[in-house]
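Quick note: the coordinates plus some simple rules give every number you see, no bench work behind them. Computed from a predicted structure; not experimentally measured. Here the Cβ positions follow ideal geometry from the backbone for every residue, glycine too, while neighbour counts run over all protein chains shown.
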Ligand SMILES: [Zn+2]
């Protein structure tokens with residue numbers, strides 16, 4: 001193997017590393033986008049009750065903490081009269 005072949009091999013290796021890192025970056029970006037767009041399967045509130053995001057227990061919409069697990073409930077939108 002002469003010097004030129006060695007140089008070519010090194011170039012190919014460097015290009016391969018570059019392609020692999022590009023693929024890794026794109027995959028990470030896609031996963032980050034998917035995580036950001038994913039919604040919780042539990043609704044925040046429905047028909048006068050507030051659902052606990054942790055245990056899905058129905059609480060009164062006036063409650064600020066879950067009656068079952070005691071976690072803070074998300075603020076429901078206030079009705080505009
Ligand atoms: Zn709860």
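What the table shows:
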| read-out | value |
| --- | --- |
| By average C-beta atoms within 10 angstrom, highest first, the peptides 55-67, 4-16 | 55-67, 4-16 |
| Rg to Rh, two decimals, where the chain supplies the alpha carbon set and Rh follows Kirkwood | 1.54 |
| Expected 222 nm ellipticity per residue - DSSP helices of 4 or more, -39500 (n - 2.57), all of the chain, to 500 | -16000 deg cm²/dmol |
| Spin-label pair residue 32/residue 4, simplified geometry with 7 Å Cα→Cβ offset, distance in nm | 4.4 |
| Angle between the chain longest axis and helix 3-37 axis [Cα atoms, degrees, rounded to 10] | 10 |
| Extension gain, residue 64 back to residue 21 (0.36 nm per residue minus Cα-Cα distance, nm) | 10.8 nm |
